[in-house]
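Input: a single structure, listed below in structure tokens.
Read the figures in this text as sums done on the coordinates, not as results from a lab. Owing to the predicted nature of the structure, the values given are computational and were not obtained by experimental measurement. For neighbour counting, all protein chains shown are included, and Cβ atoms are generated from backbone atoms with ideal geometry for every residue, glycine included.
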Amino acid sequence: MILQLAFVLTAIIIGARLGGIGLGVMGGVGLAILTFVFGLQPTAPPIDVMLMIAAVISAASCMQAAGGLDYMVKLAEHLLRKNPSHVTLLSPLVTYLFTFVAGTGHVAYSVLPVIAEVATETKIRPERPLGIAVIASQQAITASPISAATVALLGLLAGFDITLFDILKITIPATIVGVLVGALFSMKVGKELVEDPEYQKRLKEGLFNSKKVEIQDVKNKRSAMLSVIIFILATAFIVLFGSFEGMRPSFLIDGEIITLGMSSIIEIVMLSAGAPIPLLGPAKCRHYPDSDPDGRYQGNAGFCIPGRDASCHRHLRYRLDGRYFSSGEYGTAYFLY
């Protein structure tokens with residue numbers, strides 16, 4: 001068993017180093033070794049979980065294309081700059097909310113430069129709000145009703161009469177309390193900047209970049225706002241369907257009443273939520289690199305995903321080759337690792 005674990009961990013580490021689609025194919029190598037070398041029987045792939053994740057990504061992609069994430073980043077920037085002295089407490093709440101709504105911690109990357117700048121301007125060690133903000137964004141994954149972790153857990157507990165609301169009433173309070181306690185402790189991490197000799201030395205040497213982080217205004221605020229509202233409403237409907245079984249459709253099959261499962265509910269609701277977003281506003285759901293006039297790369301399918309810099313309208317696309325392309329700079333690839 002130790003040898004099997006070693007092969008699995010090796011495949012994961014190599015896949016993580018490759019990044020992108022490399023993690024998936026190395027997972028296949030690990031599965032092949034366990035099956036053909038050690039003779040272990042593979043289980044059925046979690047198709048329902050995969051389809052639920054794809055549905056959530058599709059809805060989030062439409063929200064991103066409509067400027068919804070840019071709008072959320074702009075609101076977060078306004079809140080932090082209005083209350084700079086409380087940046088250590090507000091930052092984790094902002095990133096927690098981002099992840100809770102979107103279902104992925106990657107959306108929090110866009111607001112991290114703002115957090116660092118506000119903290120530095122207020123003479124607060126940036127590591128205090130940044131550290132707990134990143135932790136909060138990951139904690140919210142276990143509390144988000146549409147995250148892959150929650151969806152997978154709901155699928156595992158399907159036969160134990162445990163609803164989505166049963167999971168959320170534990171994970172949400174637990175993670176929020178943990179994040180707040182962590183934020184309070186973070187306020188005492190390290191020396192104050194005015195007392196830190198290394199900071200004062202670098203400040204005198206002019207090693208700090210004085211360039212300000214500029215978050216551009218959303219071009220179509222109405223469309224962006226509607227996309228966020230639609231996405232939040234879809235999440236609320238999923239929570240309701242998961243909490244009250246009587247709200248779900250039932251079917252009479254072979255004399256037995258079968259209630260529609262939560263996996264199908266999540267897939268239907270999230271795909272339906274993504275549909276009206278491009279219809280109500282100028283969402284670019286077929287946005288391709290500007291320097292690809294002949295459309296050679298349009299056949300390489302992918303999802304629009306939240307980028308690391310949502311403020312500058314660089315809609316990033318995830319390609320099947322595992323690379324992130326910027327619509328403004330074709331040929332520049334951004335890797336996860």
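Could you tell me the extents of segment 21-164's C-alpha atoms along the three principal axes, largest first, rounded to whole Å?
60, 32, 31
Put a dot 7 Å past each Cα toward the Cβ at residue 43 and residue 221; how far apart are the dots in nm?
So the label points at residue 221 and residue 43 sit 4.9 nm apart.
How would you rank 269-276, 53-60, 117-124, highest first, on the average number of other Cβ atoms within 10 Å across their residues?
On the way: 269-276: 19.5, 53-60: 22.4, 117-124: 17.6.
Ranked from most to least packed, the peptides come out as 53-60, 269-276, 117-124.
Along the Cα-to-Cβ line of residue 275, 7 Å from the Cα, sits a label point; which residues in segment 20-55 have backbone N less than 17 Å from it?
55
Amide H of residue 103: which non-local residues (sequence gap of 5 or more, or other chain) have their own amide H closer than 5 Å, using H built in the peptide plane?
The answer is none.
Could you work out how much longer the chain between residue 200 and residue 127 gets when fully extended? Use 0.36 nm per residue separation minus the Cα distance between them, nm to one decimal.
That works out to 24.7 nm of additional length.
For a protection proxy built on the mean count of beta-carbon atoms within 10 angstrom, sort 153-162, 63-72 highest first, please.
Values: 153-162: 12.9, 63-72: 27.3.
The most tightly packed comes first, giving 63-72, 153-162.
Under 1.5 on a/c is rounded, so check that first for segment 98-246, then, if it is not, pick prolate when a/b is larger than b/c and oblate when it is not; a ≥ b ≥ c are the square roots of the alpha carbon gyration tensor eigenvalues. Write down the numbers at each step before the final one.
Details: a/c = 3.83, a/b = 1.83, b/c = 2.09.
Oblate.
For segment 53-95, what class follows from the C-alpha gyration tensor (a ≥ b ≥ c being the square roots of its eigenvalues): rounded when a/c is under 1.5, otherwise prolate if a/b is larger than b/c, else oblate? Kindly include the intermediate steps, with their values, before the conclusion.
On the way: a/c = 7.36, a/b = 2.24, b/c = 3.28.
Verdict is oblate for segment 53-95.
Mind listing which trypsin sites (Lys or Arg not before Pro) in segment 180-209 are in a DSSP loop and have 10 or fewer other Cβ atoms within 10 Å?
Working: sites: 188, 191, 201, 202, 204; in loops: 188, 191.
Of the trypsin sites (Lys or Arg not before Pro), the ones in loops of segment 180-209 whose Cβ has at most 10 other Cβ atoms within 10 Å are 188.
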